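Novice: Have a look at the structure that comes next, please.
The values are calculated or read from the model by the stated rules, or taken from the named source; none is laboratory data. None of the values given here were measured: they were computed from a predicted structure. We place every Cβ from the backbone using ideal geometry, glycine too, and count neighbours over all the protein chains shown.
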Amino acid sequence: MIINKKRAKKHNIDIMFLMILFLIFTFSAVSVLLMAVNSYKAVVKANEENAGTRAATAYIREKVRQHDRAGAIEITEINGNQAIRMEEAEGYSLYIYYMDGYLMELNAKDGAGVTADFGNKLIEIKGMSFSWVDNQLIEVQVQEKNGINQVVEIGIKSSLNYTKNPEETAEYSEEEVVANAD
């Protein structure tokens, strides 16, 4: 009987040791899993914060490149909001501008008397501005919701871009072009 008591006591210690080992393993696995979840949350949050600005600048860049024709792109205003105006089909223009916390887009007939309120909200941002750089680049500054500014320069590849001063743009008649070609 003494042997059975020792064997039972030893057996209980073995079970306790295995249970403690299992608890340590479980605690370690849960800890690693929680660290991975927290890391994943941080990456997702950073991507979400940056996605709006990247999407806004990518959208503007793509639209400008689609409309890159001689004289088809200008920086103008629509109801006091700075905008990029791009000629679409004959007599129609596409405006991209910032208003009331959003990147806006408005497709309108020239001279139709539309206002900036008619535009479609695209992406929530905090601010935006445009400027020409050497008449070959449009500099776009977008301010994210969290206040970080992103600056993108979009190259204009068309041979003749819009200038505000009409005297800077030389226009030639067909006879002058033919005469100069000889």
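Novice: What number of residues within the range 77-86 satisfy the criterion of being modelled with pLDDT of 90 or more and not charged (D, E, K, R)?
Specialist: Of the residues in the range 77-86, 4 are modelled with pLDDT of 90 or more and not charged (D, E, K, R).
Novice: Does any residue in the range 107-127 that is free of Cβ contacts under 8 Å to residues at least 24 places away in the same chain come within less than 9 Å, Cβ to Cβ, of a residue that is outside any strand (DSSP E or B) and hydrophobic (A, V, I, L, M, F, W, C) six or more places away or on a different chain, and which pairs are these?
Specialist: Ala108/Val114; Ala108/Phe118
Novice: Next question, about the same structure. Restricting the first residue to the range 145-159 and requiring it to be loosely packed, with under 13 Cβ neighbours inside 10 Å, which pairs with a second residue that is assigned to a loop (DSSP other than H, G, I, E, B) and modelled with pLDDT of 85 or more meet a Cβ separation below 7 Å and a spacing of at least six or different chains?
Specialist: Here the result reads Gly147/Lys126; Lys157/Asp68, each pair linking the range 145-159 to a residue that is assigned to a loop (DSSP other than H, G, I, E, B) and modelled with pLDDT of 85 or more.
Novice: Go through the range 86-106 and give me each residue that's more than 18 Å from Ser158 (Cα to Cα), without any contact (Cβ under 8 Å) to a residue 24 or more places away in the chain and among the hydrophobic types (A, V, I, L, M, F, W, C).
Specialist: Selection gives Met99, Met104.
Novice: When you check Tyr97 against the structure, is it more than 18 Å from Tyr59 (Cβ to Cβ) and modelled with pLDDT of 90 or more, yes or no?
Specialist: Spelling it out, it is not the case that Tyr97 is more than 18 Å from Tyr59 (Cβ to Cβ) and modelled with pLDDT of 90 or more.
Novice: A follow-up question, please. Just to be sure before I move on: is Ala89 exposed (fewer than 13 other Cβ atoms within 10 Å of the Cβ) and modelled with pLDDT of 85 or more in the structure I sent?
Specialist: Answer is no for this residue.
Novice: For Ile138, state whether it is surrounded by 17 or more Cβ atoms within 10 Å (Cβ to Cβ), assigned to a strand (DSSP E or B) and modelled with pLDDT of 90 or more.
Specialist: It is false that Ile138 is surrounded by 17 or more Cβ atoms within 10 Å (Cβ to Cβ), assigned to a strand (DSSP E or B) and modelled with pLDDT of 90 or more.
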